[in-house]
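One structure is given below, encoded as structure tokens.
Here, each number is a calculation from the coordinates, and none is a lab measurement. All values reported here derive from a predicted model rather than from experimental measurement. Cβ atoms come from the backbone with ideal geometry, glycine included; neighbour counts cover every protein chain shown.
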């Protein structure tokens, strides 16, 4: 793949949403630098309950065919099988920021 082709893929890549709901939780991105992010996670049915935080390494794919459909290039949230490797749950925002800074030391 040429450099120019790679730049086109990156520019066309769908970025992770800053807000989304998944598995009964509302997620709101509160910090992002390059391929690292922190999401505040609150139960959808209990929005006033105490949130927890997820620190993630943002993944990506270059697009692929699935059956007769083409899935466009996109950033990805870590899967549950990648938890502890590319995603971490933190009980509070301070702990999340510490983890965020710590993984930044290794992902410049």
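Against the longest principal axis of the chain, how steep is helix 3-12, in degrees 0 to 90 to the nearest 10, with axes from Cα atoms?
50
For the chain, what is the calculated [θ] at 222 nm in deg cm²/dmol (nearest 500), taking -39500 (n - 2.57) for each run of four or more DSSP H residues and dividing by its residue count? Walk me through the intermediate numbers first.
Values: 2 runs with 22 residues, N = 108.
Computed mean residue ellipticity for the chain: -6000 deg cm²/dmol.
Report which label in [x] -0.36, -0.50, -1.18; [y] -0.41, -0.56, -1.16; [z] -0.44, -0.57, -1.13 holds the value of log10 I(q)/I(0) by the Debye sum over Cα atoms at q = 0.11, 0.13, 0.21 Å⁻¹ derived from the coordinates of this structure.
Derived directly from the coordinates: [y].
In what sequence do 92, 45, 26 fall when counting other Cβ within 10 Å, fewest first?
Values: 92 12, 45 9, 26 17.
So the residues, fewest neighbours to most, are 45, 92, 26.
Specify the angular offset, from 0 to 90 degrees and rounded to the nearest 10, of the alpha carbon long axis of helix 93-104 from the longest principal axis of the alpha carbons in the chain.
For 93-104 against the chain, the angle is about 30 degrees.
Among 27, 61, 52, which comes first, second and so on when ranked by fewest other beta-carbon atoms within 10 Å?
Ascending number of Cβ neighbours within 10 Å: 61, 52, 27.
Provide the gained length on full extension for the span residue 92 to residue 42, in nm with one decimal, where the gain is 0.36 nm per separating residue minus the Cα-Cα distance. Show your work: numbers first, answer last.
Details: separation 50, 0.36 × 50 = 18.00 nm, distance 1.18 nm.
Full-extension gain reported as 16.8 nm.
Using Cα pairs under 8 angstrom and six or more residues apart, how large is the relative contact order of the chain, in percent?
23
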